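These notes are about the structure you will find just below.
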């Protein structure tokens, strides 16, 4: 068991990366640490590993051996894949080379890289390098594996390769602490999720608790925003090109393919022909519980119908009706809300 | 957004290049004036390089069609992409225009 | 690549004899008056240059370090005449067909004396007494005849005194038969004079060969007890050293050449044979090569070890060590190596019994250490910081991480950096002649003073330097290739 008690870390210049963080890691647990950039989650894992000295507080690792997987892989470029995996056992643990290589091949098989044993790391893809990094870690028989954003430097396909390996380790009962930005993955693989904000642990609990019923507002905003695109139009001088760029980026990030055409068209039609600009307008685009693309538009200071208006542009209305599976208008206080579920009949993906 | 108008025989071709959204439609309305002036001929709306169209753009197409109908011309929409074809379909434009792909 | 370099060098070799034959004389010198508009050579460190200046206010004065270079220049026609001591000039004329002494020259006295330290008046007094005796009993005339008579035998003098406190005498290969270096030993009028003086005192004489700029500092710092080699007692020197009575008084004479500017009609290969082989002078070059290699190799080894220490101090040492190492590197790299060498020899180790060779090895090691430390630091810092973390995360100690992870990667950058420094070191050793070590460059000077030929010794020695530097380059490249990653 690893016991982190009252850990604080202050960098020169007064930046407080960690404020009184306490955490226990029990055998068999898979803990995901999530949170916005700069929340201190990487500092936490680096302090546990001993790469950084905390300003105060202690990390008690007992007699467990730790291993760490890095965001930048840090494979040894001067050694072949197999040598990367046997260097530690042979030089440090003084295991005979033949034995170490046999075990090394087993590990490479586990991460799916047995055929690359003799390759040099420079010839590997990022995902393969990261899997070498994991196998190298395992070669020292660690009790706990620490992951510092293991997939942040990888594209989607390579992320999937690495997630696969981590998943496999979780199934084998490996104790792990994973710092990650990938919420879906964190939710699937973890037994416990820790949400950090501004150097503190804000909320922790079972994945479904933290993701579905977050107790803290900060957690709720983080999780909601992670999966949403938000933008705002204050007047008719809105920046349509920025909205379009945001929509395209959102679609790319969420692998929504050419859905941006539909989202851009709905946004433009609403802005050009329906919304009355009685006050600021808030757009939110997200995937709803059924994994359907949905939009939520709030027009402030408005109490009259928007889409149901009698003098609506008929072509624009036909387009909206064609693109949306459902459009609901709701009045909440001074604001008029549109709840839209985007039609996926025309999905080409 | 750019509109290139060429004339060959009795046919006038307008090539639409880029995104025909609301901000662009103001300029485009002006630029298609020659088509409205010669609406008695065959007018080809070349959409090969048109990547996006909103209701404002469709309205311009509709204006051209109306002018042609009044002067006895003919409008052909040529080479529309799948996304725009969907829009044409949901607005009924597919029935209003002669659409040729190829 | 190497072949192309060699080809270029060959072209240069072929070109040199041609170039060296293409000078032409400025003007015909018939009498002293013609020198007024001519180019006149004088030796630096001789008092007569002021006199020559006053005598010939219109002439362009050229300063030479040694007589050989001056003779060369006259042969090539770069100068119209040069001034030297009348004593021994006959030998010089014999050796250089076409040279003659200009008639009708006003008398400018030129003297040679032995220099002693000011606090060593005893020795100076002893020498003056000895000189008085040998002038009186005709021994001095015998010595002079032995070296300067038209049929001079040039017989070697063998010292009787072998025991006792050695008398260290600084000499410089200068005007012919005052002192020349023959088979590594000083011979001539001055060495014989000093050996006889040594016998008179019952002290064996040890000659230390040096170059003009270093002589007086060597005397002052106590490296030698006396200096000979046609030292003129000048006023400014008298302030610093004590001069004996002159052992030679003669006049300044002006030597001109009647021969066409190109004197050597012998073929290049014949000249090479004459210069290097027939009198066994290649052995001199081998000796010089040995010294050059000793200094280079030892300095590379010690300098590298010291450089490792400095690098460790910079990276891991306590703050004061880090500051020291940084300061050390900046200072050592910022001083010309020749200054550092003279400083070590004449100041730091002035009174120590260490030989010049040892001092040179120490100096070059200290200098190379700064360079090696810089190379090490740069190449280690070029390795990604994540590699250190990865090593630590695997449970390696800092040393183990360095040994197995960092060093193999740093080597790739380190070797090319080190190559530059090592080649620079070889080239820098060519100045050890300043502290009287006979390295290859110094040996060249000696051969030039004996043979009056610069081309062959300079070419040969230049070629040897080039080959050593090239060898180091290629060797380190090969090593680098061998150690480099298999896949890039």
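Might you let me know whether region C:310-318 holds any residue that is under 13 Å from residue C:370 (Cα atoms), surrounded by 13 or more Cβ atoms within 10 Å (Cβ to Cβ) and free of Cβ contacts under 8 Å to residues at least 40 places away in the same chain?
So the first thing to find is which residues in region C:310-318 are under 13 Å from residue C:370 (Cα atoms), and the list is C:310-314.
Next, from what is left, pick out any that are surrounded by 13 or more Cβ atoms within 10 Å (Cβ to Cβ): C:310-314.
Pick out the ones that are also free of Cβ contacts under 8 Å to residues at least 40 places away in the same chain and you get C:312-313.
The answer is yes, given that some residue of region C:310-318 is under 13 Å from residue C:370 (Cα atoms), surrounded by 13 or more Cβ atoms within 10 Å (Cβ to Cβ) and free of Cβ contacts under 8 Å to residues at least 40 places away in the same chain.
Answer yes if at least one residue in region A:74-88 is within 24 Å of the chain's Cα centre (by Cα) and either modelled with pLDDT under 95 or in the same structural domain as residue A:162 (by TED's automatic domain parsing) (or both), and no otherwise. Spell out how you get there, then give the answer.
Step one: filter region A:74-88 for residues within 24 Å of the chain's Cα centre (by Cα), giving A:74-75.
Subsequent filtering for residues that are either modelled with pLDDT under 95 or in the same structural domain as residue A:162 (by TED's automatic domain parsing) (or both) retains A:74-75.
For region A:74-88, residues within 24 Å of the chain's Cα centre (by Cα) and either modelled with pLDDT under 95 or in the same structural domain as residue A:162 (by TED's automatic domain parsing) (or both): present.
Could you say whether any residue in region A:95-110 is over 30 Å from the mean Cα position of the chain (by Cα), touching a residue at least 12 places away in the same chain (Cβ under 8 Å), within 14 Å of chain C (Cβ to nearest Cβ) and part of a loop (DSSP other than H, G, I, E, B)?
No, every residue in region A:95-110 fails to be over 30 Å from the mean Cα position of the chain (by Cα), touching a residue at least 12 places away in the same chain (Cβ under 8 Å), within 14 Å of chain C (Cβ to nearest Cβ) and part of a loop (DSSP other than H, G, I, E, B).
Would you check if residue A:322 is within 12 Å of chain B (Cβ to nearest Cβ), surrounded by fewer than 15 Cβ atoms within 10 Å (Cβ to Cβ) and under 19 Å from residue B:53 (Cα atoms)? Let's see the steps before the verdict.
Values: within 12 Å of chain B (Cβ to nearest Cβ): yes; surrounded by fewer than 15 Cβ atoms within 10 Å (Cβ to Cβ): no; under 19 Å from residue B:53 (Cα atoms): yes.
Spelling it out, it is not the case that residue A:322 is within 12 Å of chain B (Cβ to nearest Cβ), surrounded by fewer than 15 Cβ atoms within 10 Å (Cβ to Cβ) and under 19 Å from residue B:53 (Cα atoms).
Looking only at region B:62-73, count every residue that is more than 14 Å from chain A (Cβ to nearest Cβ) and exposed (fewer than 15 other Cβ atoms within 10 Å of the Cβ) and tell me the total.
Residues in region B:62-73 being more than 14 Å from chain A (Cβ to nearest Cβ) and exposed (fewer than 15 other Cβ atoms within 10 Å of the Cβ): 4 in total.
Here's the yes/no breakdown for (1) in contact with a helix residue (DSSP H, G or I) (Cβ under 9 Å, 6 or more places away or on another chain); (2) assigned to a strand (DSSP E or B); (3) crowded, with 17+ Cβ neighbours inside 10 Å:
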residue	(1), (2), (3)
B:13	no, yes, yes
B:18	yes, yes, no
B:40	yes, no, no
B:45	yes, yes, yes
B:56	yes, no, yes
B:60	yes, no, yes
B:75	yes, yes, yes
B:87	yes, no, yes
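Report every pair of residues separated by at least 6 positions or lying on different chains whose Cβ atoms are under 7 Å apart, first residue within region B:17-34 and within 11 Å of chain A (Cβ to nearest Cβ) and free of Cβ contacts under 8 Å to residues at least 40 places away in the same chain, second in a strand (DSSP E or B) and surrounded by fewer than 19 Cβ atoms within 10 Å (Cβ to Cβ).
B:19/B:51
Of all the strands (runs of 3 or more DSSP E) wholly in region A:1-41, which have at least 2 residues that are over 24 Å from the mean Cα position of the chain (by Cα) and assigned by TED's automatic domain parsing to the domain that holds residue A:171? Write out each step before concluding.
Numbers: elements: A:2-10, A:16-25, A:30-34.
Hits in region A:1-41: A:2-10.
Of these, C:406, C:472, C:464, which one is more than 30 Å from residue C:378 (Cα to Cα) and assigned to a helix (DSSP H, G or I)? Show your work before the answer.
Details: C:406 fails: more than 30 Å from residue C:378 (Cα to Cα); C:472 fails: more than 30 Å from residue C:378 (Cα to Cα).
Of the residues listed, the single one that is more than 30 Å from residue C:378 (Cα to Cα) and assigned to a helix (DSSP H, G or I) is C:464.
Being surrounded by 22 or more Cβ atoms within 10 Å (Cβ to Cβ) and farther than 17 Å from residue C:417 by Cα narrows it down to one residue among C:390, C:373; which is it? I'd like the intermediate steps shown before the answer.
Numbers: C:373 fails: farther than 17 Å from residue C:417 by Cα.
Checking each option against the conditions leaves just C:390.
Output the residues belonging to region A:223-248 that are in contact with a strand residue (DSSP E or B) (Cβ under 7 Å, 6 or more places away or on another chain) and touching a residue at least 60 places away in the same chain (Cβ under 8 Å).
Answer for region A:223-248, where residues must be in contact with a strand residue (DSSP E or B) (Cβ under 7 Å, 6 or more places away or on another chain) and touching a residue at least 60 places away in the same chain (Cβ under 8 Å): just A:227.
With respect to residue B:92, is the statement that it is facing chain A (nearest Cβ under 10 Å) and surrounded by fewer than 15 Cβ atoms within 10 Å (Cβ to Cβ) true? Give the derivation first.
Details: facing chain A (nearest Cβ under 10 Å): yes; surrounded by fewer than 15 Cβ atoms within 10 Å (Cβ to Cβ): yes.
Considered against the rule, which asks whether it is facing chain A (nearest Cβ under 10 Å) and surrounded by fewer than 15 Cβ atoms within 10 Å (Cβ to Cβ), residue B:92 comes out as yes.
Specify which of the listed residues (C:380, C:337) is in the same structural domain as residue C:292 (by TED's automatic domain parsing) and under 29 Å from residue A:65 (Cα atoms). I'd like the intermediate steps shown before the answer.
Details: C:337 fails: under 29 Å from residue A:65 (Cα atoms).
Selected residue: C:380, the only one of C:380, C:337 that is in the same structural domain as residue C:292 (by TED's automatic domain parsing) and under 29 Å from residue A:65 (Cα atoms).
Name every residue in region A:60-81 that is buried (at least 17 other Cβ atoms within 10 Å of the Cβ) and either more than 14 Å from every other protein chain (Cβ to nearest Cβ) or assigned to a loop (DSSP other than H, G, I, E, B) (or both), in order of residue number.
Taking region A:60-81 and keeping what is buried (at least 17 other Cβ atoms within 10 Å of the Cβ), we get A:61, A:66-81.
Hits for region A:60-81 are A:61, A:70, A:71, A:72, A:73, A:74, A:75, A:76, A:77, A:78, A:79, A:80.
Hand me the list of strands (runs of 3 or more DSSP E) wholly inside region C:22-102 holding 3 or more residues that are touching a helix residue (DSSP H, G or I) at 6+ places or on another chain (Cβ under 8 Å), at pLDDT 80 or above and not assigned by TED's automatic domain parsing to the domain that holds residue C:229.
Numbers: elements: C:39-43, C:60-64, C:81-85, C:99-101.
The strands (runs of 3 or more DSSP E) meeting that bar are C:39-43, C:81-85, C:99-101.
Could you run through region A:265-286 and say how many residues are closer than 18 Å to residue A:244 by Cα and more than 14 Å from chain B (Cβ to nearest Cβ)?
Summing the residues that are closer than 18 Å to residue A:244 by Cα and more than 14 Å from chain B (Cβ to nearest Cβ) in region A:265-286 gives 6.
If residue A:84 meets every condition in (1) crowded, with 24+ Cβ neighbours inside 10 Å; (2) away from chain C (no Cβ under 11 Å); (3) touching a helix residue (DSSP H, G or I) at 6+ places or on another chain (Cβ under 9 Å) apart from one, which number is that one?
All conditions are met except number (2).
Consider residue A:158 carefully, then state whether it is in contact (Cβ under 8 Å) with a residue 12 or more places away in the chain, in contact with a helix residue (DSSP H, G or I) (Cβ under 8 Å, 6 or more places away or on another chain), crowded, with 20+ Cβ neighbours inside 10 Å and more than 11 Å from chain C (Cβ to nearest Cβ). Steps first, answer last, please.
On the way: in contact (Cβ under 8 Å) with a residue 12 or more places away in the chain: yes; in contact with a helix residue (DSSP H, G or I) (Cβ under 8 Å, 6 or more places away or on another chain): yes; crowded, with 20+ Cβ neighbours inside 10 Å: no; more than 11 Å from chain C (Cβ to nearest Cβ): yes.
Considered against the rule, which asks whether it is in contact (Cβ under 8 Å) with a residue 12 or more places away in the chain, in contact with a helix residue (DSSP H, G or I) (Cβ under 8 Å, 6 or more places away or on another chain), crowded, with 20+ Cβ neighbours inside 10 Å and more than 11 Å from chain C (Cβ to nearest Cβ), residue A:158 comes out as no.
The values are calculated or read from the model by the stated rules, or taken from the named source; none is laboratory data. Here the structure is a predicted model, which means the values were calculated and not measured. Backbone-built Cβ (ideal geometry, glycine too); neighbour counts: all protein chains shown.
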